[in-house]
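Asker: Here it is, the structure in full.
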Amino acid sequence: MSVRVGVLALQGDVREHLRVLTDLGADARLVRRPEELAQVDGLVLPGGESTVIDRLSRAFGLRDPLRAAIADGLPALGTCAGLILLADRILDGAPGQETFGGLDVTVRRNAFGSQAESFETRLQVPSLDPPEVRATFIRAPVVEEIGPSARALARLEDGRTVAVAQGSLLGLSFHPEVSGETRFHRLLVQRARERG
């Protein structure tokens, strides 16, 4: 039986993550309601607009169940806006913006500027086998501070942290699903399988 991995489907690049998870053999599912969240062994929080996802999570009654599931050890991968939503602390957030938490980090929204400043680069990720990761940054956040519970997985050449991990959580400033990078999703599926 394949492992069930959800994609938070409130807003953002949901289809791209579904495709990667399906290609990896997971039973990929949309998650919009608490009962759908309760049926998955892992979760992707996709890129998009973190303020919109936060607001819609409240409207759909998902915010508190998401916080509880993450605190209970649900494996999760947050990309771009998803990293913001997994962070315990946020800088430059919109008024009233909240996160689901779980990662002992402080992130800054839109740290690289507007969509026009989007870029792609290669990252060394020591915890992954070669080759380097092709990373696509689109209005991306950056990790400003890492608390003692989290660890950095990758940094840009200028030293800024753009990938972090803590327990069963992975947070990326970039979009692996855009550049065909599947190793982070593979890690999520593996962790979900171990938990399921």
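Asker: Open to solvent by 60 Å² or more (accessible area, probe 1.4 Å) and among the aromatic types (Phe, Trp, Tyr): which single residue out of Phe112, Phe137, Phe184, Phe119 fits that description?
Answerer: Phe119
Asker: Looking at (1) open to solvent by less than 50 Å² (accessible area, probe 1.4 Å); (2) touching a strand residue (DSSP E or B) at 6+ places or on another chain (Cβ under 8 Å), which is the one condition that is false for Arg29?
Answerer: (1)
Asker: Let me ask another. Can you name every residue in region 1-26 that is of a type outside the set (A, V, I, L, M, F, W, C) and open to solvent by less than 30 Å² (accessible area, probe 1.4 Å)?
Answerer: Result: Gly6, Asp13, His17.
Asker: I'd like the full set of residues that are buried (at least 24 other Cβ atoms within 10 Å of the Cβ) and either hydroxyl-bearing (Ser, Thr, Tyr) or more than 22 Å from Ala111 (Cα to Cα) (or both), limited to region 169-181.
Answerer: Result: Ser173, single match.
Asker: Could you check Ile84 against (1) out of contact with any helix residue (DSSP H, G or I) (no Cβ under 6 Å at 6 or more places or on another chain); (2) in contact (Cβ under 8 Å) with a residue 24 or more places away in the chain and say which number it fails?
Answerer: All conditions pass for Ile84, except number (1).
Asker: Conditions first: (1) free of Cβ contacts under 8 Å to residues at least 40 places away in the same chain; (2) on the phi < 0 side of the Ramachandran plot; (3) surrounded by 14 or more Cβ atoms within 10 Å (Cβ to Cβ). Gly101 passes all but one, so which condition is the exception?
Answerer: So the condition that Gly101 fails would be (2).
Asker: List, please: which pairs have Cβ atoms under 9 Å, are six or more places apart or on different chains, and start with a residue in region 22-45 that is without any contact (Cβ under 8 Å) to a residue 40 or more places away in the chain and more than 19 Å from Ser168 (Cβ to Cβ) and end with one that is open to solvent by less than 10 Å² (accessible area, probe 1.4 Å) and of a type in the set (Val, Ile, Thr)?
Answerer: These pairs meet every condition: Leu30/Val7.
The values are calculated or read from the model by the stated rules, or taken from the named source; none is laboratory data. Keep in mind the model is a prediction, meaning the values are calculated, not measured. We place every Cβ from the backbone using ideal geometry, glycine too, and count neighbours over all the protein chains shown. Calculation scope for accessible area: heavy atoms of the full protein, side chains included, ligands and nucleic acids excluded. Shrake-Rupley method; radii C 1.70, N 1.55, O 1.52, S 1.80 Å.
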